[in-house]
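> Pasting in a structure now, in structure tokens, and then I'll have a few things to ask.
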Amino acid sequence: MPVWLHLNAAPAADGDKEWSNMKSNDTDPTVAAIAQMAKLSLNHLFAQRAMRAFSAHFNEALRPAGVTALQFCMLASLHGKQPLVFGDMAAELVMDRSHLSSHLAPLFRGRLVSIVPDNADRRTRQLALTPHGRIVLAESMALWSEAYANAFEIVKQVDLDSLRSLFFAFNDRNQHTIPIR
């Protein structure tokens, strides 16, 4: 029996009737059930594409500064809290340490971020913006602000706090099974 027939989680109340029609205990799925599953899978696809388009919009806007939207977030995170311990930055960005390392690599190569020693514990890696990193962050802030203003008409239609809550709900549920990149 196909795995999808054993779905236990139900969507929001407005889709409960359609969801229950999709589940089946012993029979092959009906054409209607397959159509409904396709409709639900398209919702996932379009949500994923929307987030990619959102990221691409900011990546393109930040291109003149030579950073991506994620790198901008990393620089901005460091700006107010430097030096920031490597593990604390990973936690703040809800990212595992290996992915943080790989995303920091271009910032190290570009001499935007440096590792500073912790006098109390030499094993601790602390991250700080370099003077060049501060300049790039300042340039990036103007570009990011303009990109946000250009996207505001679209963004204001979306409840970003709900998206953040959704992310954390899935992250908590899948904490040990899906790496956050």
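> Is there any pair with a first residue in the range 134-156 that is among the aliphatic types (A, V, I, L, M) and a second that is assigned to a loop (DSSP other than H, G, I, E, B) whose Cβ atoms are under 6 Å apart and which are 6 or more apart or on different chains, and what are they?
Listed by first residue and then by second, the contacts come to Val136/Leu112.
> Do you know which residues across the range 147-174 are at pLDDT 85 or above and either over 18 Å from His57 (Cβ atoms) or loosely packed, with under 12 Cβ neighbours inside 10 Å (or both)?
Ala149, the sole residue that qualifies.
> Going through the range 79-126 one residue at a time, which ones are under 28 Å from Arg63 (Cβ atoms), at pLDDT below 85 and exposed (fewer than 13 other Cβ atoms within 10 Å of the Cβ)?
Within the range 79-126, Gly80 is the sole residue that qualifies.
Table: residues versus (1) out of contact with any Leu (no Cβ under 7 Å at 6 or more places or on another chain); (2) more than 25 Å from Phe168 (Cβ to Cβ).
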{"residue": "Leu93", "(1), (2)": "no, no"}
{"residue": "Phe108", "(1), (2)": "yes, yes"}
{"residue": "Val116", "(1), (2)": "yes, yes"}
{"residue": "Leu129", "(1), (2)": "no, yes"}
{"residue": "Glu139", "(1), (2)": "yes, yes"}
{"residue": "Leu143", "(1), (2)": "no, yes"}
{"residue": "Ala151", "(1), (2)": "yes, no"}
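> If I go through the range 28-48 residue by residue, how many of them are exposed (fewer than 11 other Cβ atoms within 10 Å of the Cβ) and basic (Lys, Arg)?
Adding up the residues that qualify gives 0.
> So which of Arg63, Arg97, Arg122 ends up being closer than 15 Å to Val136 by Cβ and among the charged types (D, E, K, R)?
After applying the criteria, what remains is Arg63.
> Among the residues of the range 19-38, count how many are at pLDDT 80 or above and of a type in the set (D, E, K, R).
0
> Please count how many residues of the range 63-90 are outside any helix (DSSP H, G or I), polar (S, T, N, Q) and within 16 Å of Gly110 (Cα to Cα).
1
> I'd like the full set of residues that are assigned to a helix (DSSP H, G or I) and touching a strand residue (DSSP E or B) at 6+ places or on another chain (Cβ under 8 Å), limited to the range 93-138.
Once the filter is applied, which keeps residues that are assigned to a helix (DSSP H, G or I) and touching a strand residue (DSSP E or B) at 6+ places or on another chain (Cβ under 8 Å), the range 93-138 yields Leu104, Leu107, Phe108, Gly133, Leu137.
> Right, something else. Return the pairs, sorted by first residue and then second, in which the second residue is among the small types (Gly, Ala, Ser) and in a helix (DSSP H, G or I), the first residue lies in the range 42-68 and is at pLDDT below 90, the beta carbons are less than 6 Å apart, and the residues are 6+ apart or on different chains.
Qualifying pairs under 6 Å: Ser55/Ala69.
The values are calculated or read from the model by the stated rules, or taken from the named source; none is laboratory data. Quantities reported herein were computed from a predicted structural model and do not represent experimental measurements. For neighbour counting, all protein chains shown are included, and Cβ atoms are generated from backbone atoms with ideal geometry for every residue, glycine included.
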